[in-house]
Amino acid sequence: MVVFIVFYGFIKKVDVYDTFIEGVKESFSMITNLFPTFIAMILAINLFINSGFLDFILSFLKPIFDLISVPVEIFPLALVRPISGSASLAYLNNIFSTYGPDSFIGLLGSVLQGCTDTTLYVISLYFGSIGIKKIRYSLFAGLFADLIGIIASIIIVNLFFN
């Protein structure tokens, strides 16, 4: 691809190196616009995860999850997935190392990871980069799609692997 771009620029008589340097200079202004949003999101995620509030919530939700035959350990993955893809992958890796990738919870985590998206990350990054402040409908639609993905993953794994 790089050779193609350089060759195409040569044919069109474009100074590829100078154009590349101009693009890098332009990216710095975009990075400075995105940096505060990104840092705020990371701070909020770390405060939530390290506060112990999640363990408190799980103790109340365990009877409900037992009633519907879903392991309560999947709840943090479902909760973190719309916020951060890397945090959810780290939690999924923890599930794999604890229960195994071929266990019911490992399969459920894998399908849940594929059925949902990092909605809050996408909204804060992309909307923040172009200055959109009114995100209510996008946030609702994205989180609703994540909820449907979570429900679908539970149903699919129960149908095919339980």
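The values are calculated or read from the model by the stated rules, or taken from the named source; none is laboratory data. Quick caveat, the model's predicted, so the values are computed rather than measured. All Cβ positions, even for glycine, are placed from backbone atoms using ideal geometry, and neighbour counts span all protein chains on display. The accessibility values were calculated without ligands, DNA or RNA, using every heavy atom of the protein model including side chains. Shrake-Rupley method; radii C 1.70, N 1.55, O 1.52, S 1.80 Å.
Observations on the structure shown:
- Relative contact order of the chain, pairs being alpha-carbon contacts under 8 Å that are 6 or more residues apart, as %: 22
- Point-to-point label distance, Ile148-Phe20, nm (Cα→Cβ direction, 7 Å offset): 4.3
- Inter-label distance, Ile39 to Asn94: 2.6 nm, where each label sits 7 Å from its Cα along the C-beta direction.
- The chain, helix-only ellipticity at 222 nm - DSSP H runs n ≥ 4, -39,500 (n - 2.57), divided by all residues, nearest 500: -25000 deg cm²/dmol
- Euclidean distance between Cα centres, the range 21-82 to the range 90-134, Å: 9
- Surface share of carbon and sulfur [accessible, 1.4 angstrom probe, percent] for the chain: 72
- Backbone HN-Hα couplings from phi across the range 84-97 [Karplus 6.51/-1.76/1.60, Hz, Gly and Pro as x]: 8, x, 6, 5, 5, 5, 5, 5, 5, 4, 5, 4, 4, 6
- FRET efficiency, Tyr126 to Ile68 (Cβ-Cβ, R0 41 Å, nearest 0.05): 0.75
- Estimated at 0.36 nm per residue, the fully extended path between Ser103 and Phe60 surpasses their Cα-Cα distance by 13.1 nm.
- Note on Lys133 and Leu47: with the Förster distance fixed at 22 Å, the Cβ-Cβ geometry gives a FRET efficiency of about 0.45.
- Solvent-accessible surface of the chain, taken per residue with a 1.4 Å probe and all protein chains present: 68 Å².
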